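Before any comments, here is the structure.
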């Protein structure tokens, strides 16, 4: 097929599939419904009523949301935003951080670390009592 400006490979695939569907099975082509929960010809995904929801990676037009679009916001300092992959209809698993969530403020303070389970940073903690915090 000749390549024309403004038409990508996916557009040509869709047009060809529509043409074939209307010639080979006109009744079936008209019965394709996005949002019915059934993955039909030309749909990348179809989650029914969940299509287009903020936590879904399937748009209301039954296409995958682009990679990098947020599908689950961060729920705290130790929770990362999850984003769509552009290749699946579901949001990736909810992962928690294990990094520093609050750096040490001074010699008497210690850095707080996320535990990989909780959304929130642990309470502020201090250095052990054997640490000298001021000049003697």
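The values are calculated or read from the model by the stated rules, or taken from the named source; none is laboratory data. Just so it is clear, the model here is predicted, and its values are computed rather than measured. Positions of Cβ are backbone-derived with ideal geometry, glycine not excepted, and every protein chain shown enters the neighbour counts.
Quick look at the values:
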| item | result |
| --- | --- |
| Test: residue in region 35-42 that is surrounded by 13 or more Cβ atoms within 10 Å (Cβ to Cβ) and in contact with a strand residue (DSSP E or B) (Cβ under 8 Å, 6 or more places away or on another chain) | no |
| Qualifying positions in region 67-82 - in a loop (DSSP other than H, G, I, E, B) and under 15 Å from residue 97 (Cα atoms) | 73, 74, 75, 76, 77, 78, 80, 81 |
| Unmet criterion (only one of (1) under 30 Å from residue 123 (Cβ atoms); (2) surrounded by 14 or more Cβ atoms within 10 Å (Cβ to Cβ); (3) at pLDDT below 95) for residue 82 | (3) |
| Criterion: modelled with pLDDT of 90 or more and loosely packed, with under 12 Cβ neighbours inside 10 Å - qualifying residue of 100, 117, 131 | 117 |
